[in-house]
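Report on the following structure.
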Amino acid sequence: MYKDNKSPYLFLLPYIAVFSLFIIVPVAMAIILSFTNFNTVEIPEFIGILNYINLLTQDEIFMQYVLPNTVLFAMIVGPGGYVLSFLLAWSLAQLTPLPRMVLALIFYSPSMTQGVAMAVVWKVIFSGNQAGYANSLLMQWGVITEPLIWLQDTRFILLIMIIVALWSSMGVGFLAMLAGVLNVDESLYEAGAIDGIKNRLQELIYITIPSMKPQMLFGAVMAIVGTFSTGAIGVELTGANPTPGYAGQLIVNHIEDYGFIRFEMGYAAALSVVLLLIIYLFSYVSKKLFSES
């Protein structure tokens, strides 16, 4: 009997080991290093909360560019990508299996090949010469008279990043919501029709969404994590970190700048802890919104 009680823990042991190694230990080390001055070569020097004080009072780049850029990017891409994922998932659920599978793969594929897509597709679209599709079309329509260097112009970098992020936002959360829509009990729609539900919009509000709250929560959490952890888009598009004029600098880029370019690992760890707290806060709010209770 005693051995049987130990069996579930043995099955959980691989997951616990991997989770501890790649999640708990790195987070704990980041928190510890955030209270130190560490240049990756010398022994870390304990400095208390000085990194956090400098973040709030001395880091003008963070306050003037990184934080506003991150908030604006997250407020548009997070809710926008989430709503778009749900609407596309609901729309695909109305199709027959074969076209649904093909379209789901088409919508999902940009999230798998984001780096390649940015390098090949979006750099061609926003090329800074007349051969670029954006410049070519706008010049034909008479909107501009000479080519714009889109990916180096501080006016357009963040806007282009938002467009690319929305385009590639159909990730795992999108697939989860598609599965959620497809697995809603059909008898609920029949009961709803008897109770007075007359159209698809009412079905969506009163039956579909309440019936797939776990998938909605998962999609929300994935959207939050994906949005706030995005950093490669600006660097891939502009070819530089920091991005020109810090116009597309997000908090992840700021962490990479201090951690892997300036080798100020203690300060980079403090930025990582702040990012972790932001993600946790938004995830907690999402959990409250989509909880079953």
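When ranked by the protection proxy of mean other Cβ atoms within 10 Å per residue, highest first, what sequence do the peptides 276-289, 234-247, 15-28 form? Working shown, then result.
Working: 276-289: 13.6, 234-247: 19.6, 15-28: 10.9.
Result, highest mean Cβ count within 10 Å first: 234-247, 276-289, 15-28.
With charges only on Cβ, +1 for K and R and -1 for D and E, what is the dipole size of region 1-127 about its Cα centre, in debye, rounded to 20?
Dipole size: approximately 640 debye.
Compare the Cα positions of 83, 142, 46 along the charge dipole of the chain (+1 at Cβ of Lys, Arg; -1 at Cβ of Asp, Glu; about the Cα centre) and return the one farthest towards the positive end.
Among 83, 142, 46, the one farthest towards the positive end of the dipole of the chain is 83.
From the phi angles alone, apply the Karplus equation (6.51, -1.76, 1.60; θ = phi - 60°) to region 143-149 and give each ³J(HN,Hα) in whole Hz, x where the residue is Gly or Pro.
6, 10, 9, 9, x, 9, 8
What percentages make up the Cα-Cα pair-distance distribution of region 157-288 when the bins are 10 Å wide from 0?
12, 29, 27, 17, 10, 5, 1
Efficiency by 1/(1 + (r/R0)^6): what FRET value for residue 42 and residue 17, r their Cβ-Cβ distance, R0 = 22 Å, to the nearest 0.05?
Working: r = 32 Å, r/R0 = 1.44.
Calculated transfer efficiency: 0.10.
Suppose we look only past 19 Å in the calculated P(r) of region 135-191. What percent of the Cα-Cα pairs does that tail hold? Write out the running numbers ahead of the final one.
Working: 950 of 1596 pairs.
Everything past 19 Å amounts to 60 percent.
Which whole-Hz couplings ³J(HN,Hα) result when phi for each residue of region 180-194 is put into the Karplus expression 6.51 cos²θ - 1.76 cosθ + 1.60, θ = phi - 60°, listed in order with x for Gly and Pro?
Result, ordered by residue: x, 5, 5, 9, 5, 4, 4, 5, 5, 5, 5, 5, x, 5, 5 Hz.
How many percent of the alpha carbon pairs in the chain exceed a separation of 27 Å?
Working: 23918 of 42778 pairs.
Cα-Cα pairs of the chain separated by over 27 Å account for 56 percent.
Report the charge-dipole magnitude of the chain in Debye, nearest 20, computed about the Cα centre from +1 at each Lys and Arg Cβ and -1 at each Asp and Glu Cβ.
Details: 11 positive and 17 negative charges, 97 e Å.
Roughly 460 debye for the chain.
List every residue whose amide H lies under 5 Å from the amide H of residue 36, counting only residues 5 or more places away in sequence or on a different chain, with H placed 1.01 Å from N in the peptide plane.
Result for residue 36 returns 47.
Restricted to Cα positions, what overall size does region 36-190 have along the principal axes? Three whole-Å values, descending.
In descending order, the Cα extents are 64, 50, 28 Å.
So how do 214-227, 29-42 stack up, highest first, on mean other-Cβ count within 10 Å? Walk me through the intermediate numbers first.
Working: 214-227: 21.2, 29-42: 15.6.
Descending packing order for the listed peptides: 214-227, 29-42.
Considering just Cα atoms, how many Å³ per residue does the convex hull of region 1-117 enclose? Working shown, then result.
Working: hull volume 30.4 nm³, N = 117.
With only Cα atoms used, region 1-117 gives 260 Å³ per residue.
So for the chain, taking the charge dipole from beta-carbon charges (+1 Lys/Arg, -1 Asp/Glu), which of 55, 103, 162 sits furthest toward the positive end?
Of the candidates, 103 comes out farthest on the positive side.
Based on the Cβ-Cβ distance of residue 146 and residue 94, what FRET efficiency does E = 1/(1 + (r/R0)^6) give at R0 = 51 Å, to the nearest 0.05? Provide the component values of the computation, followed by the final result.
Details: r = 46 Å, r/R0 = 0.90.
E(calc), rounded to 0.05, equals 0.65.
Along the charge dipole of the chain, Cβ charges K/R +1 and D/E -1, which of 261, 191, 209 sits furthest on the positive end?
With unit charges placed on the Cβ atoms, the residue in question is 191.
So what J values fall out for region 236-247 if you push phi through Karplus, 6.51 cos²θ - 1.76 cosθ + 1.60 with θ = phi - 60°, rounded to Hz, Gly and Pro as x?
The phi angles translate into 5, 6, 8, x, 8, 9, x, 5, x, x, 6, 5 Hz.
Work out, step by step, the length gained on full extension between residue 83 and residue 261: first 0.36 nm times the residue separation, then minus their alpha carbon distance; give nm to one decimal. Each step should come with its number before you reach the end.
Numbers: separation 178, 0.36 × 178 = 64.08 nm, distance 3.63 nm.
Difference between extended and current length: 60.4 nm.
On a full-extension model of 0.36 nm per residue, what is the gain between residue 205 and residue 188, subtracting their alpha-carbon distance, rounded to one decimal in nm? Don't jump to the answer; show the numbers that get you there.
Values: separation 17, 0.36 × 17 = 6.12 nm, distance 1.27 nm.
Extending this stretch completely gives an extra 4.9 nm.
Taken together, the values in this text are just the output of simple stated rules run on the coordinates, not laboratory data. Not measured: the values here are computed from a predicted model. We place every Cβ from the backbone using ideal geometry, glycine too, and count neighbours over all the protein chains shown.
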